[in-house]
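A.B. asks: Input: one structure, supplied below.
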Amino acid sequence: MRAATQRDRGSAERPVDPGRFLTREADPEEPAAGRGAVDFPVAVVLPAGGSGERTGLSTPKQFCTFLTRPLISYTIQAFERVPWIERIVVVVAKESHSLMTDIVEKFNHAKVKIVHGGSTRHRSIFCGLQAFAETDESLLHKPKVVIIHDAVRPFVEEDFLHKITMAAKEQGASGAMRPLVSTVIATTSEGYLDHSLERAKYRASEMPQGFLYDIIYQAYQRCSESDFEFGTECLHLALHYCGTNAKLIEGPPTLWKVTYKRDLAAAEAVVKETLSQTACVMTEECAESLDLSHKLLKKLSAEDMLVDVIPNPKGVKGVSLTSNRNFIHISVNSSKLAQIAEMVMVLEETNHALLYPVVIVWKPDPHGLQDSHGAQVLFLMSELNLKQTQTPDKREDKQSKKI
């Protein structure tokens, strides 16, 4: 059972809301209303070889960490949750290969293939595309459509990816655009104003961009050394070398790029805001637990939270661990305490309960709190890995939140 309510995404009060990227899991059996199914292979190329000089940090920005997860992992997560995206090629500098491998393993990024990049952005993208062009059958299968995105733009939503993908399939190329926020001017060599552009006529080119794989691969095969060295716009290559004019789609304000050090703090704030408005309620499949979950769901939905309800999770295997969420477990059966303790421990060890401790709503069974030898029952409650003692006479747990 799933229920979701949310505020108006992208409203004036919330210009950088990341949408659902950390919340609800996509269901491959349920295509979203109003859009067609993606029934052809789609892959992603993420160039991530930049040095991040503009942040002023020693660590490249794509590897900077907040809330225990590197920025690039958030971006990968946004694509991995999309069921119709089959593969993600991450292009990194050779010296970053080991670091990227550690990230993939730690955060279970199952769709990722790591390749080494070149000395410029276009060279790195071409390296990513070449990973699909190899003839070795053990390597990657060639996609129909490839999406090119920036590793430092973590807040991309499935709905917009779908628009980009379908437009690329029909047109050959597609790209995101946004209104200009400042007037663009041209200067003379002496530093004086030459002329300005009429802002209403121009748009900023953004990511993601989508292409028929054969078109963008052919464009890179044909482009000049000057393009490789100084170019930055993939859509221009498709137009110039293949005659493919891209369909441009107005993107949401969430497509902003982490460029400066202050942007990392902004990205962390966006993630925290999203986490604070999501919850995963796990409950036993009995009338009393389900009744409690419905009451809790109603209360949380009234607070504009996006909520998933998972009936009868079979230990930790019943919990989807591909997202960071606030976890609430409802139990009326004390025999499940060991199972609950295991689940909480896994959530903590995998950093899936980042913002708040796991909340356990528990109705104690006065006949089930002691074993046959009268031993006290110990179980894990908080994200601090503190064990709380429960006895028939003292059931108040100060580490967990009682509802």
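A.B. asks: Cβ-Cβ distance below 6 Å, separation of 6 or more or different chains: which pairs start in segment 196-208 with a residue that is free of Cβ contacts under 8 Å to residues at least 60 places away in the same chain and end on one that is loosely packed, with under 14 Cβ neighbours inside 10 Å and of a type outside the set (Val, Ile, Thr)?
C.D. replies: Nothing qualifies.
A.B. asks: Just give me the residues in segment 307-319 being surrounded by 14 or more Cβ atoms within 10 Å (Cβ to Cβ) and at pLDDT below 65, in sequence order.
C.D. replies: Pro313, Val316, Val319
A.B. asks: In segment 232-284, what residues are closer than 30 Å to Ile216 by Cα, among the hydroxyl-bearing types (Ser, Thr, Tyr) and within 16 Å of the chain's Cα centre (by Cα)?
C.D. replies: If the condition is that a residue be closer than 30 Å to Ile216 by Cα, among the hydroxyl-bearing types (Ser, Thr, Tyr) and within 16 Å of the chain's Cα centre (by Cα), then Thr254 is the only one that fits.
A.B. asks: Taking the conditions exactly as written (touching a Cys at 6+ places or on another chain (Cβ under 7 Å), modelled with pLDDT of 55 or more and not aromatic (Phe, Trp, Tyr)), does Leu67 satisfy them or not?
C.D. replies: No, not satisfied.
A.B. asks: For Thr188, which of the numbered conditions (1) open to solvent by less than 80 Å² (accessible area, probe 1.4 Å); (2) closer than 22 Å to Ala246 by Cβ fails to hold?
C.D. replies: (2)
A.B. asks: Here is a further query. Can you name the residue in segment 271-291 that is within 16 Å of Asp308 (Cβ to Cβ), assigned to a helix (DSSP H, G or I) and among the hydrophobic types (A, V, I, L, M, F, W, C) and, of all such residues, is most open to solvent (accessible area, probe 1.4 Å)?
C.D. replies: Of everything passing the filter in segment 271-291, Leu290 is most open to solvent (accessible area, probe 1.4 Å).
A.B. asks: Just one of (1) within 14 Å of the chain's Cα centre (by Cα); (2) of a type outside the set (A, V, I, L, M, F, W, C); (3) surrounded by fewer than 21 Cβ atoms within 10 Å (Cβ to Cβ) trips up Arg123, so point out which.
C.D. replies: The number of the failed condition is (1).
A.B. asks: Consider segment 85-110. How many of its residues are more than 15 Å from the chain's Cα centre (by Cα) and of a type outside the set (Asp, Glu)?
C.D. replies: Here the count works out to 12.
A.B. asks: Which pairs have Cβ atoms under 9 Å, sit 6 or more apart or on different chains, and link a residue in segment 255-268 that is closer than 16 Å to Gly50 by Cα to one that is of a type in the set (A, V, I, L, M, F, W, C) and surrounded by fewer than 18 Cβ atoms within 10 Å (Cβ to Cβ)?
C.D. replies: Val258/Ala266; Lys261/Leu57; Leu264/Leu57; Leu264/Phe66
A.B. asks: Sort out for me the strands (runs of 3 or more DSSP E) sitting completely within segment 82-155 that have 2 or more residues that are within 24 Å of Thr254 (Cβ to Cβ).
C.D. replies: Those strands (runs of 3 or more DSSP E) span 85-92, 145-148.
A.B. asks: Quick one: Ala287 ticks every box in (1) touching a residue at least 40 places away in the same chain (Cβ under 8 Å); (2) within 29 Å of Ile330 (Cβ to Cβ) except a single one, so which number is it?
C.D. replies: Among (1) touching a residue at least 40 places away in the same chain (Cβ under 8 Å); (2) within 29 Å of Ile330 (Cβ to Cβ), Ala287 violates only (1).
A.B. asks: On the given criteria, is Asp304 part of a strand (DSSP E or B), at pLDDT below 80 and of a type in the set (D, E, K, R)?
C.D. replies: No, not satisfied.
A.B. asks: Here's another thing I want to ask about it. Please indicate, with yes or no, whether at least one residue in segment 174-182 is β-branched (Val, Ile, Thr) and surrounded by fewer than 19 Cβ atoms within 10 Å (Cβ to Cβ).
C.D. replies: Yes, segment 174-182 has at least one match.
A.B. asks: Can you name the condition, by its number, that Phe40 falls short on among (1) open to solvent by less than 30 Å² (accessible area, probe 1.4 Å); (2) modelled with pLDDT under 85; (3) of a type in the set (A, V, I, L, M, F, W, C)?
C.D. replies: If we test Phe40 against (1) open to solvent by less than 30 Å² (accessible area, probe 1.4 Å); (2) modelled with pLDDT under 85; (3) of a type in the set (A, V, I, L, M, F, W, C), just (2) comes out false.
The values are calculated or read from the model by the stated rules, or taken from the named source; none is laboratory data. From a predicted model like this one, the values you see are computed outputs, not experimental measurements. Methodologically, a virtual Cβ is constructed for each residue, glycine included, from the backbone with ideal geometry; neighbour enumeration extends over all protein chains shown. Side chains included, ligands, DNA and RNA excluded: accessible areas come from the protein's heavy atoms. Shrake-Rupley method; radii C 1.70, N 1.55, O 1.52, S 1.80 Å.
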